[in-house]
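Engineer: Could you have a look at this structure, given as structure tokens, before my questions?
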Amino acid sequence: MTPTPGSANSIALQLDRVSRHYTLGASAIRAVDDVSFTIRGGEFVALLGSSGSGKSTLLNLMAGLDRPTSGAIHADGRNLAELSSLELARYRRNTVGMVFQSFNLLPRMTLAENVELPLRLAEVDRDERATRVAEALQRVKLDKRTAHRPAELSGGEQQRTAIARALVNRPRILFADEPTGNLDSATGESIMNLLLEIQSGLGMTIIMVTHERPIAEKFATRLVMMGDGKLLSDGANQEITSGVSQ
Amino acid sequence: MKLRDMTELAVRNLREALFRNSLTTLGVAVGVASLVAMLSLGVGLQNLASNRLTKSGLFDSVFVTPKLNMRGGPPSTAVQQPETRLLDEDARREISKLPNVIEVFPQIRFPTEVRFAEKPYPTVVAGMPLSSKQSGAFDGMKGTFFSGENANEAILQIEFAKELSKETDSLVGKSLSIRYAERQQLADSSGGFSIIPKEKQLQIIGVVETEPASGFGGFGNGRLLIPIGVAQSLRAAQVNDLRDVVRGGAATKQTYASLTVRAKTTANVDDIEAAVKKMGFGAFSLLDASKSLKIFFRVLDLLLGLFASLALAVATLGIVNTLVMAILERRREIGVLKALGAADSDVKRLFFVEAGVMGLIGGIAGVILGWLIGRALTLATNIYLKRQELPGVEISSVPLWLVLFGIGFAIAVSLVAGLYPASRAAKLNPVEALRYE
């Protein structure tokens, strides 16, 4: 598979005073409140925080699934807040890949068909689709199980399939929302190793939401802490960076 | 997403809830079936009526009479002619030279008494030109058509044949004699004539189920058909003979009670009719009646179609219900599709295609079902007619346009039914859809 990496040190995403507010009855909920930071190409960023801290909402905003109430999110030189819904769909299709906690594979489709889905949406030719699906499944070591359906796989295998699906369109940024949340610790670790391998192998930018600090500290290069919708802290993962420097 | 991929996904989705989608599709099929069955009856009855009338040779013909006939009444045209023209051989030749006229032949009909198996059977004889074979009226007849214009042969209309024998097929090859009144010119110069009873032997060569000599002139529908040459040679007394006598001196010249002018197509009938009237004769055709008949059947089709469409309207509610249920069930899937890059229009088109596929399958099944209903009705009608000793008929017909219309209408209605669910699915917020359990 030919990667389309976010070139190192280029800006992959830039958030400028991003807020996402909801109204629930009479009360206003500030799910994300005035958050600003920049993510460079090739970074492995972990968004940490307790439940309701706004990390998943922020991930959805960065992935183009939602629009900010105010502020700007710059990706590929464009402000996502100003894109039309069609342009946002193209951004999700071509620039980003998504991995979910509950895998979100379509149960009636085989592994190969699930992985092929983004290529269908991108109107890639059938011949090329077959090649790219095979490559993606080979990368996650599921090339022997292409005809299986999700229900016939373990949780770890399903998540690996979801990662293959996220990679198949060769995105620059991979968003992972609690990718190990539904897995046991050993399987979770293998998934994290796979993500790490992809990040280093393809030079891809990975932004992962997790509430498991040990996992974040073990794999991410940068830790961003959220609390009550606000950015609490943002810094390099000392454990990783010191490990790298040693 | 490309249409092929979209269709594959849609069919896969439909197969997921097979039972529910089959019931919905069945609803569409029943709606289309009722529409097709109703319209096929309309078309079938129209064909039945127009075929019978066409085969009678009435619609491509203009009937010419002398302007002043025995019935009196006002002239058939407002244009005043200087003098009354005789409908004689000169007139016949003149009319036959008009453009788009195939032939002009006199209508010769006279009452007769048929002698068969030593029993008398009163009926009407009609002289038929050899060209009448091409009208289609003799298609499917038992036996053969006239061998020549002067052959002493007779073809029996089936209703009359049944009077002669229950086994109508067995009549072919047998002989009968007809007794008729021959007009014989008196030797003096009075212009009068005698009526002499005569008899003629004929061989039965065929039995025809249609009525090739129905319509106008003479003494009503001809039920014993003979070649026109033979009919002319018999010089049988005609309805215009009395008029010829009172006309005086001109009575020595043979005239015709009426002439039938056959046009190349029904489109030429109006022009020929006008030209004949201009020549000073009375002329009329049944084309106007045929137009009224067409309007009647169009209105009938419309009403039948409207009633049948009600069933299809109910079926569309089923499609709306099924697709709305599908949205609820596949909310998360829609969220996944959007997260993977599906645009709102992709989601909308996916549901549209699903509705369209249900319409297509329902339409095809409905057309087949409607055709079967039509066949069953035809079968039941023919069983009834057979018991009444009447010939069978085709009361339903599913032409290609009805097949295409049935399927097309089903797809169109299904797409309309898919409008609301498709736009509802397209508007789903992907974040909320992904959160849905």
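Engineer: Just tell me how shielded A:115-122 is by partners: mean number of partner chain Cβ atoms within 10 Å of each residue's Cβ, no decimals.
Structural biologist: Mean shielding by partner chains, rounded to a whole number: 5.
Engineer: Okay, next question. With label points built 7 Å along Cα→Cβ from the Cα atoms of B:Asp271 and B:Leu23, find their separation and express it in nm.
Structural biologist: Each label point lies 7 Å from its Cα, and together they span 6.3 nm.
Engineer: Work out, step by step, the length gained on full extension between B:Arg375 and B:Ala412: first 0.36 nm times the residue separation, then minus their alpha carbon distance; give nm to one decimal.
Structural biologist: This chain segment gains 10.7 nm when fully extended.
Engineer: How many angstrom separate the Cα center of the range B:149-213 from the Cα center of the range B:371-437?
Structural biologist: Value for the Cα centre distance between the two parts: 53 Å.
Engineer: Now for a different question. Regarding the protein assembly as shown, what's the average projected area of the Cα-atom convex hull, expressed in nm²?
Structural biologist: Spelled out: convex hull of the Cα atoms, projected over all directions, averaged, 46.4 nm².
Engineer: Then there's this: What is the calculated FRET efficiency for A:His21 to A:Asn79, with r their C-beta to C-beta distance and R₀ = 25 Å, to the nearest 0.05?
Structural biologist: Calculated transfer efficiency: 0.85.
Engineer: Only Lys, Arg, Asp and Glu count, each charged at its Cβ (+1, +1, -1, -1), so figure out the dipole size of the protein assembly as shown about its Cα centre, rounded to 20 debye.
Structural biologist: 920
Engineer: So what J values fall out for the range A:118-128 if you push phi through Karplus, 6.51 cos²θ - 1.76 cosθ + 1.60 with θ = phi - 60°, rounded to Hz, Gly and Pro as x?
Structural biologist: Result, ordered by residue: x, 6, 5, 4, 7, 6, 7, 4, 4, 4, 5 Hz.
Engineer: On a full-extension model of 0.36 nm per residue, what is the gain between A:Glu212 and A:Asp228, subtracting their alpha-carbon distance, rounded to one decimal in nm?
Structural biologist: 4.0 nm
Engineer: Any idea what the relative contact order of chain B is, in percent, if you count C-alpha pairs under 8 Å spaced at least 6 apart?
Structural biologist: 29
Engineer: Do any of B:Lys119/B:Lys386; B:Lys198/B:Lys278; B:Lys133/B:Lys294; B:Lys97/B:Lys162; B:Lys294/B:Lys386; B:Lys133/B:Lys200 go past 31 Å between their Cα atoms, and which?
Structural biologist: Result: B:Lys198/B:Lys278; B:Lys97/B:Lys162 exceed 31 Å.
Engineer: Next up: Shielding of B:341-352 by partners, i.e. mean partner chain Cβ atoms within 10 Å per residue?
Structural biologist: 4
Engineer: When ranked by the protection proxy of mean other Cβ atoms within 10 Å per residue, highest first, what sequence do the peptides B:329-337, B:92-100, B:346-354, B:171-179 form?
Structural biologist: Put in order of decreasing packing, that is B:346-354, B:329-337, B:171-179, B:92-100.
Engineer: Would you mind telling me the antiparallel percentage of the DSSP bridges in the range A:11-245, rounded to 5?
Structural biologist: Of those bridges, close to 55 percent are antiparallel.
Engineer: Just to be sure I understand the model, the point goes 7 Å from the Cα along the line to the Cβ. What's the resulting B:Arg179 to B:Leu293 distance in nm?
Structural biologist: Going from the B:Arg179 label point to the B:Leu293 one covers 3.7 nm.
Engineer: Pop a pseudo-label 7 angstrom from the Cα along the beta-carbon direction at both B:Leu419 and B:Arg85 and give the gap in nm to one decimal.
Structural biologist: Label at B:Leu419, label at B:Arg85, 6.1 nm between them.
Engineer: Per residue of A:89-98, how many C-beta atoms from partner chains lie within 10 Å of its own C-beta, taken as a mean?
Structural biologist: For peptide A:89-98, the averaged partner shielding equals 4.
Engineer: If you don't mind, there's one more thing I want to ask. For B:Tyr384, project a label point 7 Å along Cα to C-beta. Then give me every residue of the range B:16-45 with its amide nitrogen under 19 Å of that point.
Structural biologist: B:37-45
Engineer: So if the hydrodynamic radius of the range B:4-53 is defined as the Kirkwood radius over C-alpha pairs, what does Stokes-Einstein give as its diffusion coefficient at 37 °C and 0.692 mPa s, in µm² per second?
Structural biologist: Estimated diffusion coefficient is 242 µm²/s.
We did not get these values from a lab; they are worked out from the coordinates using the rules stated. Since this is a predicted model, take the numbers as computed values, not measurements. Glycine gets a Cβ as well: all are built from the backbone with ideal geometry, and neighbour counts include every protein chain shown.
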